[in-house]
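A short write-up of the structure that comes next.
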Amino acid sequence: MRVAAFILLFCSAAFAEHLVNAVDANQSENIEPVIIKDTSGLSADEVREKAERSDVNMTQSLRLPVGNVVKAIDKTGKIDISKLQQPWEELSPTPKGYDWVETKEGEWFKGEIKGMFDNELEFESEEIGVYTFDFDDIKQIKSYHIIDVNVEGAATIPGILRYKDGEFRIIQGDETFHFDKAHVVSFAVSGDKERQYWSGKIAISFDTRRGNRNQYDYTMQSNLKRRTATSKLLFDYIGRVSRTQGIETANDHRVNEKYDVYLTRYFFWTPLFSEYYTDRFKNIRAQYTAGVGIGYTVVKTKVMEWDLSGGPAALRTNYITVPQGTDSSVLSPSLEISTRLEYELSDITDITYQYKLTLTNKLSGRYKHHMVLTFENALLEWLDFDITGIWDHTQIPEVDSNGIKPLQNDYQMLVGIGIEF
């Protein structure tokens, strides 16, 4: 195990060095997060009127030259209107209270843009509910709402959004900004509606038995996410309670928090990550972790995204009972390295893999990891059938006051229904 720990420390040091180099490279370009505000003094409605005038200028004019009318006259001397009419495929709606999105198949959707993150556009409509489009399938966007656009290079620009054929236009009172698709990291609705930034999922599994053996098992997973154009806040919870013949056989709960701020398309830093964990069958009354870190997106494609992050942290563990003469509360420095992989296996099945490694001193367990593998199978747009495997490991568990040493490994298999919102 010492060799394994040395290898892990070496790999983590190399990874940290790579991220530090990325930070230095980023700083060498003098990139600082800025917000390009609209200083024109125009109201949101006045900016929308400007955007509508811009739309008219960029579409085909309705005034027809005399030559076109002459060409439309048939052999009988009548005008063939079909030759003068603009093809309906070229027409697009004017945003009046709603955002509009057109797919490459030529279908228009009316509703409200939630945001674009990780090359996926979240859109809410009264007809289809909340729907996620692959942004590569989007041909055109015409927003009614003010949108905050995060442009690579750490600039956020609020304005009326127009997108067509790979080009973004962000319209403000006195300025119109143009960017290629490759330079836009993300965007989200601007304004005071806090709920627009939040999404989540809850998965529950409950099993009860009566008869020769009385038993019940309850497990719950929840994921809450707040995303803006420049940041992502995650809250994850996993809890389990189990009783057999009236005797409690499991009771553990884990809450993770992670706040990421994007500086470029692939580089982000984490001002705070934290965890609360309790498991009385592992002799842990409460365990708290708090730290800072940096991260990098290693792979980002249409079907897969893989992130690596890590950083130093402080770890405090309060044990339930300990041998006489041993401190029941331990504060230790630690190094945490985590990875998250999301892979679209098929149109209805997604795989999510999370792994967190914690290296600390002997009093706090020396080496720990928390691993979660989930298969999400879509039943409806908002309903999934989930299968989750969990593996927790502690190299040196703390002995309790009776001299009982908890096992190093803990395994869980969860099967349940997940509700997305």
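Each value in this text was obtained by applying a stated rule to the coordinates, not by laboratory testing. Note that the structure is predicted; figures quoted are calculated from it, not measured. We place every Cβ from the backbone using ideal geometry, glycine too, and count neighbours over all the protein chains shown.
The table that follows gives values for the structure above.
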quantity: Length released on extending from Trp391 to Thr94, taking residue separation times 0.36 nm less the Cα-Cα span; calculated: 101.7 nm
quantity: Length added when fully stretched, Asp137-Phe421, from 0.36 nm per residue minus Cα-Cα; calculated: 99.9 nm
quantity: Relative exposure of Arg210, Arg240, Arg285, judged by other C-beta atoms within 10 Å (fewest first); calculated: Arg210, Arg285, Arg240
quantity: Fewest-first ranking of Met413, Met116, using other Cβ atoms within 10 Å as the exposure measure; calculated: Met413, Met116
quantity: Cβ-derived FRET efficiency at R0 56 Å, Thr39 paired with Gln408, nearest 0.05; calculated: 0.40
quantity: Label-point separation in nm, Thr301 to Leu224, each point 7 Å along Cα→Cβ; calculated: 3.5 nm
quantity: Inter-label distance for Leu380 and Tyr288, nm, one decimal - labels placed 7 Å from Cα along Cα-to-Cβ; calculated: 4.2 nm
quantity: For Ser40, distant residues with modelled amide H under 5 Å away; calculated: Gly173, Asp174
quantity: Cα-based reach from Lys368 at 13 Å (exclusive), listing aspartates and glutamates while leaving out same-chain residues under 8 positions away; calculated: Glu336, Asp392, Glu398, Asp410
quantity: Förster radius 25 Å - calculated FRET efficiency between Ala182 and Val255 (Cβ-Cβ, nearest 0.05); calculated: 0.10
quantity: Pairwise FRET efficiency - Tyr276 versus Ser328, Cβ, R0 = 22 Å, nearest 0.05; calculated: 0.80
quantity: Cross-link pairs beyond the 28 Å C-alpha cut-off, checked among Lys96/Lys225; Lys139/Lys302; Lys96/Lys302; calculated: Lys96/Lys225; Lys96/Lys302
quantity: Taking Tyr277, Tyr296 and counting other C-beta atoms within 10 Å, the order from fewest to most; calculated: Tyr296, Tyr277
quantity: Extended-chain gain in nm, criterion 0.36 nm per residue less alpha-carbon gap, Tyr343 and Asn214; calculated: 42.5 nm
